[in-house]
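Notes to accompany the following structure.
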Amino acid sequence: MVKTMTYGVLSSISTMEKTAGKPFGNPYSYADGTATNSTGILYFYVSDLDQSMKDFEANNAASFTLTEAELSYCMDQGYDPEDPPCARCVLSGDFEKLTDEDEIAFAKEGLFAKHPKMRTWPESHDFYFGKIVPTSIWLINIYGGATDVDMKKYFAVTDAEIDEKFASA
């Protein structure tokens, strides 16, 4: 899901006066690397003008929710977005601003390839690159309950394995 999706809901702990301390979800585009080097790390192109970034200044705990309802698969199967076979996952970790120039170049390559319009976003908004390195993943893709994904296995999956799985689906 992480390699194939293009957006999800980025959640933070709100710092807004009326919702302080409550969860706050915000749709966000992302990439997890380049087309040939999927890392499982979630990369974002963000601005401090956005509420989520203001929230992360106070508490960088983050989650990012993905759903196969984004794809035509669920609709084609007649699934409701909440049907367990219409997979969804929540990746949790801390939001971090990128500072390493090599990692910034890598994030930029992946994000701008997946989301070309980002290249045209206004410079006056001071966009920068950030990431979430998932430390836990909650996944539901079948009836019978959710799974906590083994993080060692998650980060060990190769692009070839992902591509093969989707080619046979």
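A quick yes/no check of all residues on (1) at pLDDT 95 or above; (2) of a type in the set (D, E, K, R):
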residue: Val90; (1), (2): yes, no
residue: Glu96; (1), (2): yes, yes
residue: Ala105; (1), (2): yes, no
residue: His115; (1), (2): yes, no
residue: Pro122; (1), (2): no, no
residue: Tyr128; (1), (2): yes, no
residue: Val133; (1), (2): yes, no
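Provide a single number: the residues in segment 95-141 that are assigned to a strand (DSSP E or B), open to solvent by less than 80 Å² (accessible area, probe 1.4 Å), under 21 Å from Lys153 (Cβ atoms) and not basic (Lys, Arg).
Count: 5.
Out of curiosity, is Thr67 under 13 Å from the mean Cα position of the chain (by Cα) and either in contact (Cβ under 8 Å) with a residue 60 or more places away in the chain or buried (at least 17 other Cβ atoms within 10 Å of the Cβ) (or both)?
So Thr67 fits the description; yes.
For segment 12-36, give me the residue count where each residue is out of contact with any Leu (no Cβ under 8 Å at 6 or more places or on another chain), at pLDDT 95 or above and open to solvent by 30 Å² or more (accessible area, probe 1.4 Å).
Final tally of qualifying residues: 11.
Give the number of residues within segment 1-11 that are more than 25 Å from Asp102 (Cβ to Cβ), open to solvent by less than 50 Å² (accessible area, probe 1.4 Å) and either part of a strand (DSSP E or B) or among the hydroxyl-bearing types (Ser, Thr, Tyr) (or both).
Of the residues in segment 1-11, 2 are more than 25 Å from Asp102 (Cβ to Cβ), open to solvent by less than 50 Å² (accessible area, probe 1.4 Å) and either part of a strand (DSSP E or B) or among the hydroxyl-bearing types (Ser, Thr, Tyr) (or both).
Can you tell which of Gly33, Gly93, Gly25, Gly78 is in contact with a Pro (Cβ under 7 Å, 6 or more places away or on another chain) and not basic (Lys, Arg)?
Step by step, each of Gly33, Gly93, Gly25, Gly78 is checked, and only Gly93 is in contact with a Pro (Cβ under 7 Å, 6 or more places away or on another chain) and not basic (Lys, Arg).
Can you tell me how many residues within segment 37-70 are assigned to a strand (DSSP E or B) and either within 16 Å of Cys89 (Cβ to Cβ) or at pLDDT below 95 (or both)?
12
List pairs: first residue in segment 142-156 and at positive phi, second residue modelled with pLDDT of 90 or more anywhere in the structure, Cβ distance under 8 angstrom, at least six positions apart or on different chains.
Gly144/Pro84
Before we move on, is Glu82 at pLDDT 95 or above and of a type in the set (D, E, K, R)?
No, not satisfied.
The values are calculated or read from the model by the stated rules, or taken from the named source; none is laboratory data. Just so it is clear, the structure is predicted and the values come from calculations on it, not from any experiment. Don't worry about glycine lacking a Cβ; one is built from the backbone with ideal geometry, like all the others, and counts go over all protein chains shown. For accessibility, only protein heavy atoms count, side chains too; no ligands or nucleic acids. Shrake-Rupley method; radii C 1.70, N 1.55, O 1.52, S 1.80 Å.
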